[in-house]
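Asks: Sending over a structure as structure tokens; questions will come in a sec.
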Amino acid sequence: MRWIERLRIRLRMLFRRGREAARLDEELRFHLDHQIAENVAADMPDEDARYAALRSFGNLAVLREQAQESWKWNHTEQLIRDSRIGLRTLARAPGFSSTVILVMALGIGLTVAMFTVVHAVLMKPLPFQDQERLVRIYDADDHDPTYNYRAVAGQDFFDWGEQQKSSFEQMAIADNWNSYNLSGTAGQLPEHVMALTASWKMFQLLGLKPALGRFFNAEDDRPEGNAAVVLNWELWKRRYGGDPKILGQTIGLDAKPYTVIGVLPARSDFPDATMQLWTPFFHETPPQRMQSHGAHNFQVFARLKPGVTARQAQAEISAIQAGIHKRFPSNFVSSATHVVPLLESRVGNIQPALLMLLAATGCLLLIGCLNAANLLVARSATRRREAAIRMALGGGRWRLVRQQLIESMLLCSAGGLLGLLLASLSIHWLVNTRPDIPRAEEIHLDGVAVFFTVGIMLFSGLLAGLIPVLALKEKSILGPLRDSTRSQHTGHASSGLRRGLLSLEVALTVVLLIGASLLLKSYQHLRSVNLGCRTHNVLTMGISLPDAAYKTPMARTNFYVQLLQRVRTVPGIKAATLTDALPANGDPPDHGFLIREDQPLPSGQSLEANVSNVDPDFFRAMQVPLIQGRFFQPNERQGQSQFAIVSQSFAHQFLPGTNPIGKHIDDDNFAAPHNFEIIGVVGDVRGTVTSGIEPTIYFPLFRGEENGVSLAVVTRPDPLNLALTIQKIIADMDPNLAASDILTMDQIVGRSTVDASFETTLLILFAIVSLLLAAVGLYGVLSFLVGQRQGEIGIRIALGAQREQVLRATLFVGLRPALFGLVLGLAASAAAARLLRSMLYQTQPLDPVVFAGVAAILLLVAMLACTAPAWRASRLDPMQALRTD
């Protein structure tokens, strides 16, 4: 057990070092006094006795150090002592220290913030049992990449479940999207809520446990089962106050009674945070929706068997799907599948943007480190005499290097602590600004973020501290001492190092500037897209009529007609219309069709076009131009209409060179009739800002088959001012009916470009900060060089050099690293810009205008940063400069 005693002694020497040092001194004094007493007893004079004792003992300081070496904590003590010296040294230069700390805080803080976001969204495991085995399955098409990741057809799901043998333990299905009107009770207003309509096996598949009550079972999840509902944790807390008595109570969904049987656990936002309640799939879904291989309306999730990979499962399911496509050849029947890990399916769309922003903050951190290193190099150059004196007095090279690293670590540690505060504020702002980011509720500083911060501080401290060490190549002690008698000339090594660091800093800045400029140009193209319809002063809202309250087509049509009549009488409203596919809010569903007058297609094949149902006033209200023919008439409704209107792109693609008016479309997606005569051609309208022009067929809305529509109101004043008035009209017509997604068309357009706007804004911010840092670096380096070379410049002017020559020469010295960095940055940007190709809209990665503009901006900023020091050098008074030197 001797090791325990040794450990006890070491700990005592660590935590009671001062007390043990005092005991050591006392013991040395005791032995010295004892030896002096023996000498005096031998009849030696007092003074001689003391000197003899000292000679016998030797150097007490050496003895003390030798004794303390056995305490095993000397390196720690030296580190603490050097840290104290470093703190005092940095405190004597507050301007330098605060500059480096702020630069490092900016780089570390933003990098930690983006790492925290990336870790929470892309890397942190989902809160489900064995989440690495959870996957989502998509229908796909081997021949058309447009349909590579699309919703699953109901009959495909059944066939997969029956035929797969070795891939999945469990499979579950959910509706692609669903929503309900939640009736108001106890004075509460009705509310439109999003819901996940999922099969009962979904809970087992995810491994969820209820926070309250129970989940669906097989008895609930059948057409004749009881209407049951499971509440989301947030909805339970917000609307029902977290009251456990909600279990067993009845709530109204679309005017039908549902019994609350359970509450989901907190943070179980599946498949996303918008889902506020769950309903049983087979109880809610009509059987006929499941009997098609071509109607892609559902989401399918599965749990892989142990040891099975997503690639292996995809091979088996794709083989099954290929057989289905062979039996039912059609454009709408998929020929393959994609099996994607569940985490990837949730965050795949945002992954490139987050990784790009993390790389940008990494560049910013590196720029900050280079800037700090440049300042440290300049500072170490002014301390060459101090270093030479230390070496002359016996200080080793490693001791000087260690002191430099300790100062760098202290600066970066202070910057890291300040950066941690900046990261916390940035994350708070990000989550509040973009709550729609997948897994936003998971984004917060945690132990991983703190550990990453410590790692970044160590990396930054080593990088910023080791680079200046490269300048310490002087082996001669007298050289720096001799130089110091005249001037603080820094030598070519340190000057070249500073210029090299500055060039690299400029190159990284160019990469960020070009990336930000490309995204900005892409975003400008997005915002300037012509949707083909009116977007200003248009208010929209969604309305969904429940089947229980509106059981017949006549009842639904009457409600819509009365709503339009009442809304159009409101002062300030110029027009009102209804559609089931609002422009800029998503591409309409596509239908297969045939043109009767064309040659028949092979069996199972059909043409495809988007389909939108609109009321007769839609085109006039939304300013969609009529190109040929006529619009719908008010009486063309309730199955009486066999007319259709097509878009201009439809006519060009499917009826080129012919008059489309009078042609007939066969569409069997409706109950009856399925033969429509084309009566008009209208301008193209985009389904989304980023989508291309798609051929579209417009059918009359008032056919009685529509449950959910969007109301679009054209107003004279601010559209949102009339939102409450329209909501009151809806509530007066049906107190249980709630409007949803109350937005202006401008807001819808903005929402569809919010990702591009957000990414562009952040990258521009990072680029501007890096440009400022580069400008500060240029200014600082050139100012330092001018200050160090005052004597040389003064001599040149005294010998007849023109001030204009001095100005040009000094500018060249400052601009040379900027030009070299610009060339290096342009070359690096040409390679990096290609990685942004998927994020750019109508913008080429190697856009010459962007590259030329960035080069001009950087040269201008570099010129401005170098002008002041160069002008100051050209205005030097030779006599004053020589006297100072």
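The values are calculated or read from the model by the stated rules, or taken from the named source; none is laboratory data. Every value quoted in this text rests on a predicted model; they were computed, and no experiment measured them. Cβ placement follows ideal geometry from the backbone for every residue including glycine, while neighbour counts extend to all protein chains displayed. Surface accessibility is based on the protein's heavy atoms, side chains included, excluding ligands, DNA and RNA. Shrake-Rupley method; radii C 1.70, N 1.55, O 1.52, S 1.80 Å.
Asks: Looking at the structure I just gave you, is GLY241 over 22 Å from ASP272 (Cβ atoms) and either at pLDDT below 90 or open to solvent by less than 40 Å² (accessible area, probe 1.4 Å) (or both)?
Replies: yes
Asks: Where the second residue is in a loop (DSSP other than H, G, I, E, B) and hydroxyl-bearing (Ser, Thr, Tyr) and the first is closer than 17 Å to ALA172 by Cα and touching a residue at least 60 places away in the same chain (Cβ under 8 Å) and lies in the range 204-233, which pairs have Cβ atoms under 7 Å and are six or more apart or on separate chains?
Replies: From the range 204-233, the pairs are LEU208/SER268; ASP221/SER199.
Asks: Output the residues belonging to the range 329-377 that are among the small types (Gly, Ala, Ser) and out of contact with any strand residue (DSSP E or B) (no Cβ under 9 Å at 6 or more places or on another chain).
Replies: Within the range 329-377, ALA353, ALA359, ALA360, GLY362, GLY368, ALA372, ALA373 qualify.
Asks: Wholly within the range 248-355, which strands (runs of 3 or more DSSP E) include no fewer than the required count, namely at least 2 residues that are touching a Pro at 6+ places or on another chain (Cβ under 9 Å), open to solvent by less than 30 Å² (accessible area, probe 1.4 Å) and under 27 Å from ALA440 (Cβ atoms)? Let's see the steps before the verdict.
Replies: Values: elements: 250-253, 256-263, 275-280, 296-304, 336-341.
By residue number, 256-263, 296-304.
Asks: Test each condition in (1) farther than 26 Å from SER183 by Cβ; (2) open to solvent by 20 Å² or more (accessible area, probe 1.4 Å); (3) β-branched (Val, Ile, Thr) for ILE595 and report the one that comes out false.
Replies: (2)
Asks: Now, a different point. When you look at GLY58, is it loosely packed, with under 12 Cβ neighbours inside 10 Å and at pLDDT below 75, yes or no?
Replies: The answer is yes for GLY58.
Asks: Cβ contacts < 6 Å: first residue in a helix (DSSP H, G or I), restricted to the range 650-666; second residue at pLDDT 90 or above, any location; separation 6+ or different chain. Result?
Replies: The qualifying pairs are PHE650/PRO695; ALA651/PRO660; ALA651/VAL681; GLN653/PRO695.
Asks: Which one of VAL561, VAL567 is surrounded by fewer than 17 Cβ atoms within 10 Å (Cβ to Cβ), under 24 Å from ALA738 (Cα atoms) and among the hydrophobic types (A, V, I, L, M, F, W, C)?
Replies: Exactly one residue qualifies, and that residue is VAL561.
Asks: If a residue must be under 30 Å from the mean Cα position of the chain (by Cα) and within 17 Å of MET275 (Cα to Cα), how many such residues does the range 173-224 contain?
Replies: 18
Asks: Also, quick follow-up: Just for helices (runs of 4 or more DSSP H) wholly inside the range 427-528: which have at least 3 residues that are at pLDDT 85 or above?
Replies: Result: 447-469, 491-527.
Asks: Here's something else I'd like to know. Which of the residues that make up the range 856-872 are of a type in the set (A, V, I, L, M) and in contact (Cβ under 8 Å) with a residue 40 or more places away in the chain? So that I can check it myself, show each step before the final result.
Replies: First, pick out the residues of the range 856-872 that are of a type in the set (A, V, I, L, M): 856-865, 868, 870.
The answer is ILE857, LEU858, LEU859, VAL861, ALA862, MET863, LEU864, ALA865, ALA868, ALA870.
Asks: Say we look at the range 856-869 and pick out the residues that are closer than 25 Å to LYS521 by Cβ and surrounded by 18 or more Cβ atoms within 10 Å (Cβ to Cβ); which of these is nearest to the chain's Cα centre (by Cα)?
Replies: Our first condition is that a residue be closer than 25 Å to LYS521 by Cβ; within the range 856-869, this holds for 856-864.
Filter again for surrounded by 18 or more Cβ atoms within 10 Å (Cβ to Cβ), leaving 858, 861-862.
Numbers: LEU858: 27, VAL861: 30, ALA862: 31 Å.
By that ranking, first place goes to LEU858.
Results for (1) open to solvent by 30 Å² or more (accessible area, probe 1.4 Å); (2) under 30 Å from GLY107 (Cα atoms); (3) under 28 Å from the mean Cα position of the chain (by Cα); (4) among the acidic types (Asp, Glu), shown as yes or no for each residue.
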residue	(1), (2), (3), (4)
PRO719	no, no, no, no
GLN727	yes, no, no, no
PRO735	yes, no, no, no
ASP741	yes, no, yes, yes
SER752	yes, no, yes, no
LEU763	no, yes, yes, no
ILE768	yes, yes, yes, no
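Asks: To continue, here is another question. Could you tell me which of the residues SER829, SER838 is under 16 Å from ALA516 (Cα atoms), modelled with pLDDT of 85 or more, out of contact with any Ser or Thr (no Cβ under 9 Å at 6 or more places or on another chain) and of a type in the set (Ser, Thr, Tyr)?
Replies: Result of the check over SER829, SER838: SER829.
Asks: When TRP278 is evaluated against the numbered criteria (1) under 30 Å from ILE437 (Cβ atoms); (2) touching a strand residue (DSSP E or B) at 6+ places or on another chain (Cβ under 8 Å); (3) at pLDDT below 90, which criterion, by number, is the only one it fails?
Replies: (3)
Asks: Something else now. Looking at the range 717-754, which of the residues that are part of a loop (DSSP other than H, G, I, E, B) and among the acidic types (Asp, Glu) is modelled with the highest pLDDT? Give the derivation first.
Replies: First pass over the range 717-754, keeping only residues part of a loop (DSSP other than H, G, I, E, B): 717-718, 734-739, 753.
Add one more test, that the residue is among the acidic types (Asp, Glu), and what stays is 718, 734.
Values: ASP718: 83, ASP734: 88.
Looking at residues that are part of a loop (DSSP other than H, G, I, E, B) and among the acidic types (Asp, Glu), I get ASP734.
Asks: Checking the structure you have, find out if any residue of the range 844-861 is modelled with pLDDT of 85 or more and of a type in the set (S, T, N, Q).
Replies: Yes, the range 844-861 contains a residue that is modelled with pLDDT of 85 or more and of a type in the set (S, T, N, Q).
Asks: Sticking with this one: For the range 70-78, does any single residue satisfy the condition of being within 25 Å of THR453 (Cβ to Cβ), at pLDDT below 75 and either among the hydrophobic types (A, V, I, L, M, F, W, C) or surrounded by 11 or more Cβ atoms within 10 Å (Cβ to Cβ) (or both)?
Replies: yes
Asks: Residues to consider are ALA153, ALA113, ALA120; find the one that is buried (at least 20 other Cβ atoms within 10 Å of the Cβ), over 30 Å from SER426 (Cα atoms) and aliphatic (A, V, I, L, M).
Replies: The unique qualifying residue is ALA153.
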